[in-house]
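The values are calculated or read from the model by the stated rules, or taken from the named source; none is laboratory data. Predicted model only: the values in this text are computed from it and were never measured. Cβ placement follows ideal geometry from the backbone for every residue including glycine, while neighbour counts extend to all protein chains displayed. Side chains are part of the model used for accessible areas, which takes the heavy atoms of the whole protein and leaves out ligands, DNA and RNA. Shrake-Rupley method; radii C 1.70, N 1.55, O 1.52, S 1.80 Å.
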Amino acid sequence: MAELATIARPYAEALFAACGAEAKTVLGWLNELACVAAEPQLLQFADSPKATSDQVYGVISGVMKTALDVHAQNFLRTVIANNRLAFLPEIASQFRVLANAKSGTSDAVVYSAFPIDGAALAETAKVLEQRFGRKLNLTVELQPDLIGGIRVVLGDEVLDTSVKARLEQMKVALTA
């Protein structure tokens, strides 16, 4: 894991330094590249001695939903030429950390037993931002085994107000 981060860090930092104020745009295509690069079949194809860099680039750019601008094309060609395609998810993760640090925000995942509509998510975001003391980029993931309530994960901080957690607390209290 440390090697992965060590190799990915210079790419993320160089891309962040080069993008300037366009970090949000870069993060969009970088996340998409990371998703594509996480596919085992693509990595197997890229590692094949018969596959050229141009062929790998053609496959990746062909499956991208958004068109790559010149900076994205150059970045992708550099990553492919240096045989670092497998590191793209980590590069994207480290780039996101740099972009969040610059903008003063943090990523948080809200696990919920049920879908959360826009108004409820906005209200939840407002309360969580007050609780954690910073602006949050929320993503919602469904986790039906929570039964009800939400579980928020922000880095190494966890706020669990789910029914499942409360039942576990009651179980511990009754068996103690």
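Remarks
- Cα long-axis angle, helix 88-103 against the chain (0 to 90 degrees, to the nearest 10): 60
- In sequence order, calculated HN-Hα J values of the stretch 30-42 (Karplus, 6.51, -1.76, 1.60; Hz; x Gly/Pro): 5, 5, 5, 4, 5, 5, 5, 5, 7, 6, x, 5, 5
- Solvent-accessible area per residue, Å², over the stretch 95-145 with all protein chains present [probe radius 1.4 Å]: 61
- Interchain or long-range residues, amide H under 5 Å from Ile150's placed H: Thr161, Ser162
- The stretch 65-142 pair-distance distribution - Cα-Cα, 10 Å bins, rounded %: 15, 33, 28, 20, 4
- Carbon-plus-sulfur accessible fraction, the stretch 43-126 (probe radius 1.4 Å, protein heavy atoms only): 56%.
- For the chain, built as a Gaussian network whose Cα springs stay under 10 Å, the top-fluctuating residue of Pro115, Pro49, Pro40: Pro49
- Packing, taken as the mean count of other beta carbons within 10 Å per residue, orders the peptides 7-17, 120-130 from highest to lowest as 7-17, 120-130.
- Rg to Rh quotient for the chain, alpha carbon positions, Kirkwood Rh: 1.07
- Couplings for the stretch 78-87, taken from phi via the Karplus curve 6.51 cos²θ - 1.76 cosθ + 1.60 with θ = phi - 60°, read 5, 4, 5, 4, 8, 6, 10, 4, 5, 8 Hz in order; Gly and Pro are left as x.
- Per residue accessible area in Å² of the stretch 1-46, where ligands, DNA and RNA are left out and the probe is 1.4 Å: 58
- Amide H to amide H distances under 5 Å link Asp107 with Asn137, where only residues 5 or more positions off or on other chains count and H is placed in the peptide plane.
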